[in-house]
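The values are calculated or read from the model by the stated rules, or taken from the named source; none is laboratory data. The structure presented is a predicted model; accordingly, all values stated were derived computationally and were not measured. Methodologically, a virtual Cβ is constructed for each residue, glycine included, from the backbone with ideal geometry; neighbour enumeration extends over all protein chains shown. The protein model used for the area step is the full one, side chains on, heavy atoms only, and it has no ligands, DNA or RNA in it. Shrake-Rupley method; radii C 1.70, N 1.55, O 1.52, S 1.80 Å.
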Amino acid sequence: MTCFLRQQLLQICVFAMAGFLSRTFEKLKSCICGLGYTGLWLFWLFLVLTVIYFLRIPLKLSENVSYATMFLNTLTPKFYVALTGTSSLISGLILIFEWWYFKKYGTSFIEQVSLNHISPLLGGGDTSIENGTITSTSATSTSNGSSISNGSVENGNRTTSQQLSLPECKVWRNPLNLFRGSEYQRFNWATGKEPLTYYDMNLSAQDHQTYFTCEADTGKPEYEIMQMAWRERNPQSRIKAAHSALEKNTECATAMVLLAEEETTTILECEKMFKQAYKAAENTYRKSQATQHQNSIQEALHRRDTNVLVYIKRRLAMCARKLGRTREAVKMMRDLLKESPIMNFNIHENLIEALLELQAYADVQAVLARFDDISLPKSATICYTAALLKARAVADKFSPDMASKRGLSTAEMSAVEAIHRAVEFNPHVPK
(Lines give C-alpha, C1' and ligand atoms only; values in the text may rest on other atoms or scores of the structure.)
Protein backbone atom coordinates (compact mmCIF):
# COMPACT_ATOMS: atom_id res chain seq x y z
CA MET A 1 0.00 0.00 0.00
CA THR A 2 2.84 2.33 0.89
CA CYS A 3 4.58 1.61 -2.46
CA PHE A 4 1.36 2.33 -4.33
CA LEU A 5 0.95 5.67 -2.57
CA ARG A 6 4.57 6.57 -3.33
CA GLN A 7 4.03 5.79 -7.02
CA GLN A 8 0.87 7.91 -7.09
CA LEU A 9 2.63 10.80 -5.36
CA LEU A 10 5.57 10.48 -7.76
CA GLN A 11 3.24 10.60 -10.79
CA ILE A 12 1.42 13.62 -9.36
CA CYS A 13 4.75 15.40 -8.83
CA VAL A 14 5.88 14.58 -12.37
CA PHE A 15 2.62 15.87 -13.87
CA ALA A 16 2.77 18.99 -11.72
CA MET A 17 6.38 19.66 -12.76
CA ALA A 18 5.51 19.08 -16.42
CA GLY A 19 2.58 21.47 -16.18
CA PHE A 20 4.73 24.08 -14.44
CA LEU A 21 7.45 23.80 -17.09
CA SER A 22 4.85 23.97 -19.87
CA ARG A 23 3.26 27.12 -18.41
CA THR A 24 6.67 28.68 -17.86
CA PHE A 25 7.68 27.92 -21.45
CA GLU A 26 4.43 29.42 -22.81
CA LYS A 27 4.91 32.57 -20.72
CA LEU A 28 8.51 32.86 -21.89
CA LYS A 29 7.41 32.33 -25.50
CA SER A 30 4.66 34.97 -25.23
CA CYS A 31 7.11 37.43 -23.66
CA ILE A 32 9.66 36.87 -26.43
CA CYS A 33 7.00 37.21 -29.17
CA GLY A 34 5.73 40.38 -27.52
CA LEU A 35 9.13 42.00 -27.78
CA GLY A 36 8.83 42.41 -31.54
CA TYR A 37 11.63 42.05 -34.07
CA THR A 38 13.98 44.39 -32.20
CA GLY A 39 13.49 42.49 -28.95
CA LEU A 40 14.01 39.15 -30.69
CA TRP A 41 17.26 40.36 -32.23
CA LEU A 42 18.46 41.60 -28.83
CA PHE A 43 17.47 38.32 -27.17
CA TRP A 44 19.29 36.35 -29.87
CA LEU A 45 22.38 38.54 -29.46
CA PHE A 46 22.28 37.97 -25.69
CA LEU A 47 22.17 34.20 -26.20
CA VAL A 48 25.09 34.31 -28.66
CA LEU A 49 27.21 36.41 -26.29
CA THR A 50 26.37 34.04 -23.43
CA VAL A 51 27.45 30.99 -25.44
CA ILE A 52 30.67 32.72 -26.51
CA TYR A 53 31.42 33.63 -22.87
CA PHE A 54 31.09 30.05 -21.62
CA LEU A 55 33.02 28.62 -24.60
CA ARG A 56 35.81 31.18 -24.56
CA ILE A 57 38.28 28.74 -22.96
CA PRO A 58 37.54 25.60 -25.07
CA LEU A 59 37.57 27.68 -28.26
CA LYS A 60 40.77 29.51 -27.23
CA LEU A 61 39.23 32.83 -28.21
CA SER A 62 41.99 34.98 -26.70
CA GLU A 63 44.70 33.13 -28.65
CA ASN A 64 42.72 33.32 -31.90
CA VAL A 65 42.12 37.03 -31.42
CA SER A 66 45.85 37.60 -30.86
CA TYR A 67 46.68 35.58 -33.98
CA ALA A 68 44.19 37.62 -36.02
CA THR A 69 45.64 40.87 -34.66
CA MET A 70 49.15 39.72 -35.54
CA PHE A 71 48.03 38.80 -39.07
CA LEU A 72 46.40 42.19 -39.62
CA ASN A 73 49.50 43.98 -38.35
CA THR A 74 51.67 42.18 -40.90
CA LEU A 75 49.60 43.39 -43.84
CA THR A 76 51.26 46.03 -46.00
CA PRO A 77 49.59 49.08 -47.57
CA LYS A 78 49.72 47.29 -50.93
CA PHE A 79 47.11 44.84 -49.67
CA TYR A 80 44.68 47.62 -48.77
CA VAL A 81 45.28 49.32 -52.13
CA ALA A 82 44.55 46.05 -53.94
CA LEU A 83 41.48 45.44 -51.77
CA THR A 84 40.13 48.93 -52.45
CA GLY A 85 40.77 48.63 -56.19
CA THR A 86 39.11 45.21 -56.42
CA SER A 87 36.01 46.34 -54.51
CA SER A 88 35.77 49.49 -56.64
CA LEU A 89 36.02 47.43 -59.82
CA ILE A 90 33.29 45.04 -58.70
CA SER A 91 31.06 47.95 -57.63
CA GLY A 92 31.59 49.63 -60.99
CA LEU A 93 30.68 46.47 -62.89
CA ILE A 94 27.51 46.09 -60.81
CA LEU A 95 26.61 49.74 -61.44
CA ILE A 96 27.15 49.41 -65.19
CA PHE A 97 25.05 46.23 -65.35
CA GLU A 98 22.27 47.82 -63.29
CA TRP A 99 22.26 50.91 -65.56
CA TRP A 100 22.17 48.72 -68.70
CA TYR A 101 19.35 46.57 -67.32
CA PHE A 102 17.29 49.61 -66.28
CA LYS A 103 17.83 51.30 -69.67
CA LYS A 104 16.77 48.15 -71.54
CA TYR A 105 13.89 46.90 -69.38
CA GLY A 106 12.85 50.00 -67.41
CA THR A 107 13.24 48.35 -64.01
CA SER A 108 15.96 47.55 -61.50
CA PHE A 109 17.49 44.07 -61.62
CA ILE A 110 18.46 44.16 -57.93
CA GLU A 111 14.93 45.27 -57.00
CA GLN A 112 13.37 42.44 -58.99
CA VAL A 113 15.67 39.82 -57.45
CA SER A 114 14.96 41.20 -53.98
CA LEU A 115 11.17 41.21 -54.43
CA ASN A 116 10.81 37.91 -56.29
CA HIS A 117 13.49 35.68 -54.74
CA ILE A 118 15.21 37.03 -51.64
CA SER A 119 12.20 38.50 -49.80
CA PRO A 120 10.15 35.23 -49.85
CA LEU A 121 13.18 33.34 -48.48
CA LEU A 122 13.42 35.79 -45.58
CA GLY A 123 9.78 35.09 -44.74
CA GLY A 124 8.40 38.54 -45.50
CA GLY A 125 4.73 37.81 -44.90
CA ASP A 126 2.73 40.99 -44.86
CA THR A 127 3.60 44.29 -46.37
CA SER A 128 2.07 47.69 -45.94
CA ILE A 129 2.91 50.89 -47.71
CA GLU A 130 3.69 53.99 -45.75
CA ASN A 131 5.25 57.21 -47.02
CA GLY A 132 6.42 55.56 -50.21
CA THR A 133 8.31 52.72 -48.49
CA ILE A 134 7.43 49.12 -47.82
CA THR A 135 7.35 48.15 -44.15
CA SER A 136 6.24 45.00 -42.35
CA THR A 137 2.72 45.17 -40.88
CA SER A 138 -0.35 42.98 -40.53
CA ALA A 139 -2.09 43.90 -43.78
CA THR A 140 -1.27 43.83 -47.47
CA SER A 141 -2.35 46.76 -49.65
CA THR A 142 -3.55 46.07 -53.15
CA SER A 143 -3.15 48.43 -56.09
CA ASN A 144 -6.77 49.53 -56.07
CA GLY A 145 -6.72 50.78 -52.51
CA SER A 146 -8.23 47.74 -50.80
CA SER A 147 -6.36 45.70 -48.22
CA ILE A 148 -6.12 42.01 -47.42
CA SER A 149 -5.48 41.28 -43.77
CA ASN A 150 -3.65 38.23 -42.51
CA GLY A 151 -4.74 38.96 -38.97
CA SER A 152 -8.43 38.47 -38.22
CA VAL A 153 -11.80 38.60 -39.99
CA GLU A 154 -14.74 40.11 -38.17
CA ASN A 155 -18.03 38.24 -38.70
CA GLY A 156 -20.88 39.82 -36.76
CA ASN A 157 -19.73 40.14 -33.13
CA ARG A 158 -17.21 37.29 -33.35
CA THR A 159 -13.63 37.70 -34.54
CA THR A 160 -11.81 34.63 -35.83
CA SER A 161 -8.16 34.28 -36.83
CA GLN A 162 -7.28 33.51 -40.42
CA GLN A 163 -5.32 30.30 -40.83
CA LEU A 164 -4.56 30.86 -44.49
CA SER A 165 -1.18 32.46 -45.06
CA LEU A 166 -1.17 34.56 -48.22
CA PRO A 167 2.06 34.95 -50.20
CA GLU A 168 3.79 38.27 -50.06
CA CYS A 169 2.22 40.96 -52.24
CA LYS A 170 4.68 42.23 -54.85
CA VAL A 171 4.37 45.87 -55.89
CA TRP A 172 4.35 45.95 -59.68
CA ARG A 173 3.94 48.48 -62.45
CA ASN A 174 0.42 48.32 -63.87
CA PRO A 175 0.52 48.71 -67.67
CA LEU A 176 -3.30 48.50 -67.86
CA ASN A 177 -3.72 51.53 -65.59
CA LEU A 178 -6.88 53.55 -66.05
CA PHE A 179 -7.13 57.26 -66.79
CA ARG A 180 -7.19 59.30 -63.61
CA GLY A 181 -9.74 61.89 -64.73
CA SER A 182 -12.14 59.98 -66.96
CA GLU A 183 -12.10 56.68 -65.02
CA TYR A 184 -10.59 56.87 -61.53
CA GLN A 185 -12.23 60.22 -60.79
CA ARG A 186 -15.62 58.98 -62.02
CA PHE A 187 -15.29 56.02 -59.65
CA ASN A 188 -14.60 58.46 -56.83
CA TRP A 189 -17.70 60.47 -57.71
CA ALA A 190 -19.88 57.35 -57.86
CA THR A 191 -18.67 55.61 -54.69
CA GLY A 192 -17.03 58.32 -52.60
CA LYS A 193 -13.94 56.11 -52.23
CA GLU A 194 -10.37 56.88 -53.21
CA PRO A 195 -9.32 54.34 -55.86
CA LEU A 196 -5.60 55.11 -55.51
CA THR A 197 -3.43 54.86 -52.42
CA TYR A 198 -0.64 57.29 -51.59
CA TYR A 199 1.90 54.70 -52.65
CA ASP A 200 0.20 54.32 -56.06
CA MET A 201 0.46 58.06 -56.56
CA ASN A 202 4.08 58.09 -55.42
CA LEU A 203 4.99 55.25 -57.78
CA SER A 204 3.35 57.06 -60.72
CA ALA A 205 5.11 60.30 -59.78
CA GLN A 206 8.46 58.52 -59.87
CA ASP A 207 7.68 57.11 -63.33
CA HIS A 208 6.57 60.51 -64.63
CA GLN A 209 9.74 62.18 -63.38
CA THR A 210 11.88 59.39 -64.88
CA TYR A 211 10.29 59.45 -68.33
CA PHE A 212 9.07 63.05 -68.73
CA THR A 213 11.89 65.12 -67.25
CA CYS A 214 15.59 65.48 -68.02
CA GLU A 215 18.56 67.69 -67.20
CA ALA A 216 17.96 69.75 -70.35
CA ASP A 217 14.81 71.23 -68.73
CA THR A 218 16.90 73.62 -66.62
CA GLY A 219 16.23 77.19 -67.64
CA LYS A 220 12.97 76.40 -69.45
CA PRO A 221 10.09 77.79 -67.33
CA GLU A 222 7.38 75.50 -68.70
CA TYR A 223 9.37 72.32 -68.08
CA GLU A 224 10.50 73.48 -64.64
CA ILE A 225 6.83 73.99 -63.77
CA MET A 226 6.06 70.47 -65.00
CA GLN A 227 8.87 69.06 -62.86
CA MET A 228 7.08 70.48 -59.83
CA ALA A 229 3.68 69.38 -61.16
CA TRP A 230 4.66 65.69 -61.31
CA ARG A 231 5.62 65.86 -57.63
CA GLU A 232 2.36 67.47 -56.47
CA ARG A 233 -0.02 65.25 -54.51
CA ASN A 234 -3.11 67.41 -54.98
CA PRO A 235 -4.81 66.85 -58.39
CA GLN A 236 -6.03 70.45 -58.66
CA SER A 237 -2.51 71.75 -58.04
CA ARG A 238 -1.15 69.52 -60.80
CA ILE A 239 -3.84 70.65 -63.25
CA LYS A 240 -3.24 74.33 -62.38
CA ALA A 241 0.51 73.88 -62.91
CA ALA A 242 -0.10 72.24 -66.31
CA HIS A 243 -2.23 75.19 -67.42
CA SER A 244 0.53 77.56 -66.27
CA ALA A 245 3.06 75.61 -68.34
CA LEU A 246 0.80 75.83 -71.41
CA GLU A 247 0.50 79.60 -70.95
CA LYS A 248 4.28 79.86 -71.19
CA ASN A 249 4.56 77.38 -74.07
CA THR A 250 1.51 76.25 -76.02
CA GLU A 251 3.54 73.33 -77.45
CA CYS A 252 4.39 71.77 -74.05
CA ALA A 253 3.42 68.14 -74.69
CA THR A 254 3.94 66.93 -71.11
CA ALA A 255 1.46 69.54 -69.82
CA MET A 256 -1.12 68.27 -72.33
CA VAL A 257 -0.43 64.71 -71.18
CA LEU A 258 -1.17 65.66 -67.57
CA LEU A 259 -4.40 67.44 -68.56
CA ALA A 260 -5.48 64.48 -70.71
CA GLU A 261 -4.85 62.11 -67.83
CA GLU A 262 -6.42 64.11 -65.02
CA GLU A 263 -8.65 66.97 -66.20
CA THR A 264 -10.76 65.27 -68.86
CA THR A 265 -13.89 63.50 -67.63
CA THR A 266 -14.64 61.23 -70.61
CA ILE A 267 -12.58 58.98 -72.86
CA LEU A 268 -13.54 61.08 -75.91
CA GLU A 269 -12.21 64.25 -74.30
CA CYS A 270 -9.12 62.35 -73.21
CA GLU A 271 -8.45 61.11 -76.75
CA LYS A 272 -8.92 64.62 -78.16
CA MET A 273 -6.39 66.07 -75.72
CA PHE A 274 -3.91 63.26 -76.40
CA LYS A 275 -4.16 63.94 -80.16
CA GLN A 276 -3.21 67.56 -79.52
CA ALA A 277 -0.34 66.38 -77.33
CA TYR A 278 0.77 63.97 -80.06
CA LYS A 279 1.15 66.79 -82.61
CA ALA A 280 3.22 68.86 -80.18
CA ALA A 281 5.31 65.85 -79.13
CA GLU A 282 6.00 64.88 -82.75
CA ASN A 283 7.32 68.36 -83.56
CA THR A 284 9.51 68.39 -80.45
CA TYR A 285 10.78 64.89 -81.25
CA ARG A 286 11.86 65.88 -84.76
CA LYS A 287 13.75 68.91 -83.45
CA SER A 288 15.64 66.92 -80.80
CA GLN A 289 16.33 64.09 -83.26
CA ALA A 290 18.46 66.39 -85.39
CA THR A 291 20.63 67.52 -82.45
CA GLN A 292 20.80 64.35 -80.33
CA HIS A 293 24.44 63.58 -81.24
CA GLN A 294 25.83 66.97 -80.23
CA ASN A 295 26.34 66.24 -76.54
CA SER A 296 24.98 64.17 -73.65
CA ILE A 297 22.37 66.78 -72.69
CA GLN A 298 20.88 66.75 -76.18
CA GLU A 299 20.88 62.96 -76.09
CA ALA A 300 18.98 62.98 -72.80
CA LEU A 301 16.53 65.51 -74.28
CA HIS A 302 15.90 63.28 -77.29
CA ARG A 303 15.40 60.26 -75.04
CA ARG A 304 12.82 62.21 -73.02
CA ASP A 305 11.01 63.33 -76.18
CA THR A 306 10.97 59.70 -77.38
CA ASN A 307 9.43 58.57 -74.09
CA VAL A 308 6.73 61.25 -74.34
CA LEU A 309 5.88 60.32 -77.94
CA VAL A 310 5.73 56.57 -77.20
CA TYR A 311 3.62 57.17 -74.08
CA ILE A 312 1.11 59.31 -75.99
CA LYS A 313 0.82 56.75 -78.80
CA ARG A 314 0.23 53.99 -76.26
CA ARG A 315 -2.47 55.99 -74.46
CA LEU A 316 -4.15 56.82 -77.79
CA ALA A 317 -4.24 53.10 -78.57
CA MET A 318 -5.81 52.46 -75.15
CA CYS A 319 -8.41 55.17 -75.84
CA ALA A 320 -9.25 53.49 -79.14
CA ARG A 321 -9.74 50.14 -77.42
CA LYS A 322 -11.96 51.66 -74.72
CA LEU A 323 -14.06 53.37 -77.43
CA GLY A 324 -14.67 50.06 -79.21
CA ARG A 325 -12.06 50.45 -81.98
CA THR A 326 -10.13 47.38 -80.86
CA ARG A 327 -8.63 46.45 -84.24
CA GLU A 328 -7.33 49.98 -84.67
CA ALA A 329 -5.82 49.77 -81.19
CA VAL A 330 -4.10 46.47 -82.06
CA LYS A 331 -2.59 48.01 -85.21
CA MET A 332 -1.31 51.02 -83.27
CA MET A 333 0.28 48.82 -80.62
CA ARG A 334 1.93 46.56 -83.20
CA ASP A 335 3.37 49.62 -84.95
CA LEU A 336 4.64 50.90 -81.61
CA LEU A 337 6.43 47.63 -80.86
CA LYS A 338 8.09 47.75 -84.29
CA GLU A 339 9.13 51.40 -84.03
CA SER A 340 10.34 51.37 -80.41
CA PRO A 341 10.76 47.86 -78.98
CA ILE A 342 11.62 49.19 -75.51
CA MET A 343 10.18 47.72 -72.35
CA ASN A 344 9.58 50.98 -70.49
CA PHE A 345 5.80 51.04 -70.91
CA ASN A 346 5.08 47.29 -71.35
CA ILE A 347 3.17 47.90 -74.58
CA HIS A 348 3.08 44.15 -75.25
CA GLU A 349 0.78 43.69 -72.25
CA ASN A 350 -1.68 46.25 -73.64
CA LEU A 351 -1.49 44.36 -76.95
CA ILE A 352 -2.27 41.07 -75.19
CA GLU A 353 -5.31 42.67 -73.54
CA ALA A 354 -6.66 43.90 -76.90
CA LEU A 355 -5.97 40.58 -78.67
CA LEU A 356 -7.77 38.65 -75.92
CA GLU A 357 -10.77 40.93 -76.41
CA LEU A 358 -10.74 39.99 -80.11
CA GLN A 359 -10.29 36.31 -79.11
CA ALA A 360 -7.23 36.17 -81.39
CA TYR A 361 -5.59 33.45 -79.33
CA ALA A 362 -3.02 32.50 -81.99
CA ASP A 363 -1.75 36.10 -82.07
CA VAL A 364 -1.68 36.14 -78.26
CA GLN A 365 0.45 32.98 -78.32
CA ALA A 366 2.86 34.64 -80.76
CA VAL A 367 3.22 37.68 -78.47
CA LEU A 368 3.77 35.42 -75.46
CA ALA A 369 6.43 33.42 -77.30
CA ARG A 370 8.30 36.67 -77.83
CA PHE A 371 7.97 38.22 -74.39
CA ASP A 372 7.47 35.29 -71.95
CA ASP A 373 11.23 34.98 -71.55
CA ILE A 374 13.00 34.00 -68.36
CA SER A 375 15.40 36.92 -68.74
CA LEU A 376 12.56 39.48 -68.76
CA PRO A 377 10.66 40.66 -65.68
CA LYS A 378 7.48 38.67 -65.10
CA SER A 379 4.03 40.20 -64.67
CA ALA A 380 0.53 39.03 -63.80
CA THR A 381 -0.58 39.62 -67.40
CA ILE A 382 2.09 37.30 -68.79
CA CYS A 383 1.57 34.59 -66.16
CA TYR A 384 -2.25 34.51 -66.31
CA THR A 385 -2.35 34.71 -70.12
CA ALA A 386 0.07 31.79 -70.41
CA ALA A 387 -2.11 29.81 -67.98
CA LEU A 388 -5.25 30.71 -69.95
CA LEU A 389 -3.81 29.52 -73.27
CA LYS A 390 -2.50 26.27 -71.81
CA ALA A 391 -5.83 25.60 -70.11
CA ARG A 392 -7.75 26.30 -73.34
CA ALA A 393 -5.55 23.82 -75.23
CA VAL A 394 -6.64 20.92 -72.98
CA ALA A 395 -10.09 22.08 -71.84
CA ASP A 396 -12.07 20.61 -74.77
CA LYS A 397 -10.81 17.06 -74.31
CA PHE A 398 -10.46 17.11 -70.52
CA SER A 399 -12.63 14.73 -68.50
CA PRO A 400 -12.39 14.48 -64.70
CA ASP A 401 -13.35 10.78 -64.79
CA MET A 402 -10.67 9.91 -67.33
CA ALA A 403 -8.11 12.03 -65.49
CA SER A 404 -8.82 10.20 -62.23
CA LYS A 405 -8.26 6.83 -63.95
CA ARG A 406 -5.25 7.48 -66.16
CA GLY A 407 -3.80 10.57 -64.46
CA LEU A 408 -2.99 13.94 -66.01
CA SER A 409 -1.25 14.11 -69.37
CA THR A 410 1.86 16.19 -70.01
CA ALA A 411 -0.17 19.07 -71.49
CA GLU A 412 -2.63 18.99 -68.58
CA MET A 413 0.21 19.00 -66.06
CA SER A 414 1.75 21.96 -67.88
CA ALA A 415 -1.57 23.83 -67.66
CA VAL A 416 -1.89 23.10 -63.93
CA GLU A 417 1.68 24.27 -63.31
CA ALA A 418 1.02 27.47 -65.29
CA ILE A 419 -2.09 28.18 -63.18
CA HIS A 420 -0.14 27.60 -59.97
CA ARG A 421 2.64 29.89 -61.20
CA ALA A 422 0.15 32.66 -61.99
CA VAL A 423 -1.65 32.42 -58.63
CA GLU A 424 1.67 32.29 -56.79
CA PHE A 425 2.89 35.39 -58.61
CA ASN A 426 -0.26 37.41 -57.82
CA PRO A 427 -2.98 35.79 -55.68
CA HIS A 428 -5.07 38.98 -55.69
CA VAL A 429 -6.38 38.73 -59.25
CA PRO A 430 -10.19 38.29 -59.12
CA LYS A 431 -11.31 34.72 -59.90
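The table below gives the values:
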read-out: Complete set of residues in the stretch 291-334 that are of a type outside the set (S, T, N, Q), over 22 Å from Gln209 (Cβ atoms) and modelled with pLDDT under 90; value: His293
read-out: Condition broken by Ile297, with the remaining ones in (1) surrounded by fewer than 18 Cβ atoms within 10 Å (Cβ to Cβ); (2) more than 29 Å from Lys220 (Cβ to Cβ); (3) touching a helix residue (DSSP H, G or I) at 6+ places or on another chain (Cβ under 7 Å) satisfied; value: (2)
read-out: Residue check for Phe345: under 30 Å from Tyr223 (Cα atoms) and open to solvent by less than 30 Å² (accessible area, probe 1.4 Å); value: yes
read-out: Looking only at the stretch 346-382, and only at residues there that are charged (D, E, K, R) and modelled with pLDDT under 85, the one that is nearest to Ser108 (Cα to Cα); value: Lys378
read-out: Residues of the stretch 175-207 satisfying the condition of being of a type outside the set (A, V, I, L, M, F, W, C), touching a Gly at 6+ places or on another chain (Cβ under 8 Å) and either closer than 18 Å to Cys319 by Cα or outside any helix (DSSP H, G or I) (or both); value: Lys193, Glu194, Pro195, Thr197
read-out: From the options Thr410, Thr385, residue that is exposed (fewer than 15 other Cβ atoms within 10 Å of the Cβ), among the hydroxyl-bearing types (Ser, Thr, Tyr) and at pLDDT 75 or above; value: Thr410
read-out: Selection within the stretch 208-240 - outside any helix (DSSP H, G or I) and either under 16 Å from Gly181 (Cα atoms) or without any contact (Cβ under 8 Å) to a residue 60 or more places away in the chain (or both); value: Thr218, Gly219, Lys220, Glu232, Arg233, Asn234
read-out: Verdict on Ile239 being among the hydrophobic types (A, V, I, L, M, F, W, C) and open to solvent by 40 Å² or more (accessible area, probe 1.4 Å); value: no
read-out: Every pair of residues 6+ apart whose Cβ atoms lie under 7 Å, when the first sits in the stretch 346-375 and is within 22 Å of Gly324 (Cβ to Cβ) and among the aromatic types (Phe, Trp, Tyr) while the second is open to solvent by 60 Å² or more (accessible area, probe 1.4 Å) and at pLDDT 85 or above; value: Tyr361/Arg392
